[in-house]
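Data block below; observations after.
Quick note: the coordinates plus some simple rules give every number you see, no bench work behind them. Being a predicted model, the structure only gives us computed values, none of them experimental. Methodologically, a virtual Cβ is constructed for each residue, glycine included, from the backbone with ideal geometry; neighbour enumeration extends over all protein chains shown.
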Amino acid sequence: MRGQIFTVDAVAASTLMMTVLINLFLISQMSILVKYEAPESLLGILLKDEEFIYAVYSLDSGRLRAILNSYLGLTPYNLTLLDADGGKLLSIGVEVEGLAASTIIVGVNGTVNPIIICLKVRQP
Amino acid sequence: MNYTLTAYLICMLLVASILIQPGMHIISLRSEGLEKIFATDYWLTLNALIYIYGKEDSIGEFNSFLNSELNFLNPRIIEVPNVTVQYLNVTGSRIEVQLTFRRQWTVHRIHIFLKAEIVDRSVKHNPERNELTVTLKVKFYSDRPVHIYFKVLDGELLKIKNLVDQTFEIYISKSLQSISRLVATDSRGLKVTINV
């Protein structure tokens with residue numbers, strides 16, 4: 001009788017350990033997919049607008065705010081302009097979590113003056 | 001029950017060891033916008049086209065400037081395209097280019113132009129000032145709607161009438177001997193010149 005109890009105990013213990021091990025293995029293999037949508041289309045639309053490009057090159061934050069507000073309304077955004085070496089030239093808007101849509105405009109009016117444009121928009 | 005208690009203890013240790021070292025992978029995916037690529041390539045092309053205004057070797061200058069622009073593109077930010085010039089025509093009253101941009105995932109064409117066509121021209125002599133008053137009716141064609149600004153070299157711009165469909169009536173005063181030129185610049189910065 002005592003031997004049978006030990007056997008049942010051992011089976012229960014093995015089952016418990018196997019269950020925990022399998023679960024731990026599954027959890028360790030689990031990936032969390034965080035899919036941020038960078039506002040690529042919006043940046044594309046803005047880049048078509050000559051007013052936007054010239055406001056970028058004149059580092060005119062007031063004009064840039066006006067243009068972005070006309071496209072985005074009250075949606076929070078962050079627009080950061082960097083030079084070719086990554087130095088920050090201008091940043092407007094608020095801190096926004098997510099991916100930035102970014103591109104380089106090499107110059108305007110036949111000049112070479114690369115500016116990196118990064119735009120983040122809060123997702124709904 | 002001793003075996004079960006020992007198994008519990010081992011399980012707790014395993015769970016604790018896993019919790020201490022979080023092994024979850026976070027994968028972030030990003031997409032590249034076609035409109036953004038179009039717009040970026042458009043500005044590359046436009047900038048090179050503006051650069052060659054007034055240059056003698058327009059094709060050579062265009063290619064070398066475009067290559068220097070491409071060198072500034074950072075592959076971590078935007079994929080550097082392979083560019084083929086399909087058509088480049090730069091004359092006084094016309095500037096036009098067509099390029100093909102090839103990337104791993106897309107091929108597209110950029111076509112930019114600004115053309116001026118004289119629809120009508122009349123000349124009147126002003127005997128009081130011994131000058132000529134030239135009236136030009138010029139129609140502009142472009143790949144997108146633009147504003148046009150005018151400047152006259154060796155003459156005086158008297159009046160501009162903005163007619164429909166990018167057509168303008170321009171009144172210019174010039175001396176009898178001078179060869180005046182009308183320089184039209186669009187809101188993008190492209191320039192064309194018309195002999196008055």
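Structural remarks
- Under 5 Å, built H, 5+ apart or other chain: amide partners of B:Asp143: B:Phe113
- When each of B:Tyr51, A:Tyr57 is scored by the number of other beta-carbon atoms lying within 10 Å, the sequence from fewest to most is A:Tyr57, B:Tyr51.
- Label-to-label distance, B:Glu56 versus B:Met12, with points set 7 angstrom from Cα along the beta-carbon direction: 9.0 nm.
- Residues B:Asp186, A:Asp60, sorted so that the one with the fewest Cβ neighbours within 10 Å comes first: A:Asp60, B:Asp186
- Put simply, the amide H of B:Ser180, placed in the peptide plane, has neighbours under 5 Å in B:Val196, leaving out anything fewer than 5 places away on its chain.
- Amide H to amide H distances under 5 Å link A:Leu90 with A:Leu81, where only residues 5 or more positions off or on other chains count and H is placed in the peptide plane.
- Here the 3J(HN,Hα) profile of the range A:68-74, calculated from phi with Karplus coefficients 6.51, -1.76 and 1.60 at θ = phi - 60°, is 5, 5, 5, 8, 9, x, 9 Hz, Gly and Pro shown as x.
- Using R0 = 51 Å, the C-beta based FRET efficiency linking A:Lys35 and B:Ser64 works out to 0.75.
- With θ taken as phi - 60° and the Karplus curve 6.51 cos²θ - 1.76 cosθ + 1.60 applied, the whole-hertz 3J(HN,Hα) list for the range A:107-118 is x, 9, 6, x, 10, 10, 8, x, 10, 8, 10, 10 Hz, x standing for glycine and proline.
- Debye log10 I(q)/I(0) at q = 0.12, 0.14, 0.16, 0.17 Å⁻¹ for chain B, Cα point scatterers: -0.74, -0.88, -1.02, -1.09
- Angle between chain B longest axis and helix B:2-20 axis [Cα atoms, degrees, rounded to 10]: 20
- Calculated from the alpha-carbon coordinates, the protein assembly as shown shows an Rg and a Dmax of 32.6, 135 Å respectively.
- Each label was represented as a point 7 Å from its Cα along the Cα-to-Cβ direction; for B:Glu156 and B:Ile77 these points are 4.8 nm apart.
- Shown is the FRET efficiency for A:Thr19 and A:Glu97, computed with R0 = 35 Å from the Cβ-Cβ distance and rounded to the nearest 0.05: 0.40.
- The range B:152-196 shape via C-alpha gyration tensor axes, a/c threshold 1.5: oblate
- Calculated FRET value between A:Ser61 and B:Val85, using beta carbons and R₀ = 35 Å, to 0.05: 0.40
- If you take the Cα centroid of the range B:143-196 and the Cα centroid of the range B:56-123, the two points sit 24 Å apart.
- Above 22 Å, the calculated P(r) of chain A contains 52 percent of its Cα-Cα pairs.
- Residue-wise HN-Hα coupling along the range A:24-32, computed from phi with Karplus coefficients 6.51, -1.76, 1.60 (Hz; x: Gly, Pro): 5, 4, 5, 5, 5, 7, 6, 10, 9
- If you wrap the range B:26-127 in the convex hull of its Cα atoms and look at it from every side, the mean projected area works out to 9.9 nm².
- With neighbours defined as other Cβ atoms within 10 Å of a residue's Cβ, the residues B:Trp43, B:Trp105 order from fewest to most as B:Trp105, B:Trp43.
- Cα gyration tensor, the range B:97-196 - rounded (a/c under 1.5), prolate or oblate: prolate
- Using alpha-carbon coordinates, inclination of helix B:58-71 to the longest axis of chain B, degrees: 20
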